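I have placed the structure first, in the form of structure tokens, so that the comments after it can refer back to it.
The values are calculated or read from the model by the stated rules, or taken from the named source; none is laboratory data. Source: prediction; values computed, not measured. Glycine gets a Cβ as well: all are built from the backbone with ideal geometry, and neighbour counts include every protein chain shown.
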Amino acid sequence: MPHLLDLVPQDVPLRRVANTNDGEYAGPCPGCGGKDRFRVWPREGRYWCRGCGRRGDTIQYLRHFHGLSFAEAKRVLGLADTPCSHAERTEQEARKNTRAMVKEIYRVWCHEQMIFYTDLHRELLAEEEILQIALLHPRLYDQQQDELYRHQLVSVQEQLASIQTDLDVFTYNEFEDVRFFLFKNRRRADAR
Ligand SMILES: [Zn+2]
């Protein structure tokens with residue numbers, strides 16, 4: 001029967017974080033991501049995610065993260081005497097494909113978001129620079145115009161601050177949870 005330490009690393013990377021009692025392993029959650037919120041205790045054959053709260057044993061793992069039914073999970077683990085029917089195998093395959101497809105959509109979406117915010121950030125930086133030059137240039141000096149430029153500069157800087165946050169979310173690994181959250185909300189909004 002496959003062990004959790006054989007199954008989990010097929011989905012997410014695990015690293016050993018403790019050595020006592022056959023050790024403890026940590027990594028991203030196969031369901032909700034993150035960095036090391038997902039824990040596996042091989043001796044007990046248990047896992048727990050402190051992000052989404054999912055926990056259980058090997059059978060439960062296959063139900064949670066591979067979308068299998070209880071009976072299918074048992075069969076996969078060699079705990080049932082009847083082999084998978086053709087229909088069940090087809091359905092498993094379909095679910096596996098769906099998961100791969102969603103993962104790919106998510107990856108592409110994250111990439112597109114990063115490009116979008118990078119471009120916007122660059123445009124705003126250029127605009128900020130032009131406004132600062134305009135404010136410094138004596139030939140362009142004019143009381144009314146000056147106020148307008150100042151006003152525009154404040155607005156551009158506010159937008160920059162907000163874009164910076166969005167850009168960080170799509171740039172740094174540690175914001176995986178936020179990205180995933182935004183992605184889920186976006187998918188829901190699209191479905192409506
Ligand atoms: Zn989780």
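Condition check for VAL76 on (1) β-branched (Val, Ile, Thr); (2) in contact with a helix residue (DSSP H, G or I) (Cβ under 7 Å, 6 or more places away or on another chain); (3) within 16 Å of the ligand (Cβ to nearest atom): one failure, at (3).
All of (1) at pLDDT 90 or above; (2) surrounded by 14 or more Cβ atoms within 10 Å (Cβ to Cβ); (3) not acidic (Asp, Glu) hold for LYS74 with one exception: (1). Within region 115-162, the set of residues being β-branched (Val, Ile, Thr) and under 34 Å from the mean Cα position of the chain (by Cα) comprises ILE115, THR118, VAL154, VAL156.
What about LEU4, is it buried (at least 19 other Cβ atoms within 10 Å of the Cβ) and at negative phi? Yes; evaluated as a whole, the condition is true for this residue.
Loosely packed, with under 11 Cβ neighbours inside 10 Å, at pLDDT below 90 and assigned by TED's automatic domain parsing to the domain that holds PHE181 - does that describe any residue in region 128-137? Yes, some residue in region 128-137 is loosely packed, with under 11 Cβ neighbours inside 10 Å, at pLDDT below 90 and assigned by TED's automatic domain parsing to the domain that holds PHE181. Considering region 47-73 alone, what residues qualify as being within 14 Å of PRO9 (Cα to Cα) and within 16 Å of the ligand (Cβ to nearest atom)? Correct list: TYR47, TYR61, LEU62, PHE65, HIS66. For region 79-109, filtered to residues that are charged (D, E, K, R) and within 16 Å of the ligand (Cβ to nearest atom), the residue that is farthest from the chain's Cα centre (by Cα) is ARG99.
Only a single item in (1) farther than 30 Å from GLN159 by Cα; (2) under 26 Å from the mean Cα position of the chain (by Cα); (3) of a type in the set (D, E, K, R) is not met by GLU112, and it is number (1).
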